[in-house]
Structure formats: structure tokens, C-alpha cells
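Here is the structure we will look at, set down as C-alpha cells.
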Amino acid sequence: MEPEEAVRQLEYAIDASLDEIGQRAAAGYRPTFERVAERADGTAVYALAGELSDEVVDGYCPTPAEANVTADRVLDDFAYTDGGE
């Protein structure tokens, strides 16, 4: 999964949700997905999208900073299970 596609999917999931200052939160995830794509591959991007989507389904919209924390966890898990870089 490409970073742009992951962000688009999350935008669909939370398209009606606005953050505290009235901006759509999903667009702020793009740098996070790009970082994951650079450090790993599409599988890690997909895993991140899945984790963030699970939170949205549970009724919570993570901030971009929280998405970064989730991305770090995904990258750590990816490094241990897939060899990483």
C-alpha cells in the first residue's frame, strides 16, 4: 500500500471527523505514512493503516502525534518480525 492510498483510506473512514481546531486529522498522517514507507515497505504501511483504522472504528481519532507513536510501534514490530533495516 502506498502512503497516499493509506491516507485516502483513513480520510474515508474519518471524513466527518474534525480535530480540536477544526481540521481533518487524516491529512496530517501523510508524513507518518511516508516515513513508514521509506523505512519499511507497503506491508508496514498497511499495518499502520489497519491499526489507525481500528482506533477510528472504536470511536477515537488519533492525532498525527499519536499516529507517529503507532508508526514507531509498527516499525519496531516489523524490524523484529521481518528483519527490518
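The values are calculated or read from the model by the stated rules, or taken from the named source; none is laboratory data. Not measured: the values here are computed from a predicted model. Surface areas here come from the heavy atoms of the whole protein model, side chains and all, with no ligands, DNA or RNA. Shrake-Rupley method; radii C 1.70, N 1.55, O 1.52, S 1.80 Å.
Considering only the stretch 34-59, state which residues are under 11 Å from residue 74 (Cα atoms) and of a type in the set (Val, Ile, Thr).
36, 43, 45
Go through the stretch 9-37 and give me each residue that's at pLDDT below 75, open to solvent by 10 Å² or more (accessible area, probe 1.4 Å) and assigned to a helix (DSSP H, G or I).
Passing the criteria: 9, 11, 12, 13, 27.
Which one is nearest to residue 5 (Cα to Cα) among residues in the stretch 43-65 that are open to solvent by 70 Å² or more (accessible area, probe 1.4 Å) and either among the acidic types (Asp, Glu) or assigned to a helix (DSSP H, G or I) (or both)?
Once the filter is applied, the top-ranked residue is 46.
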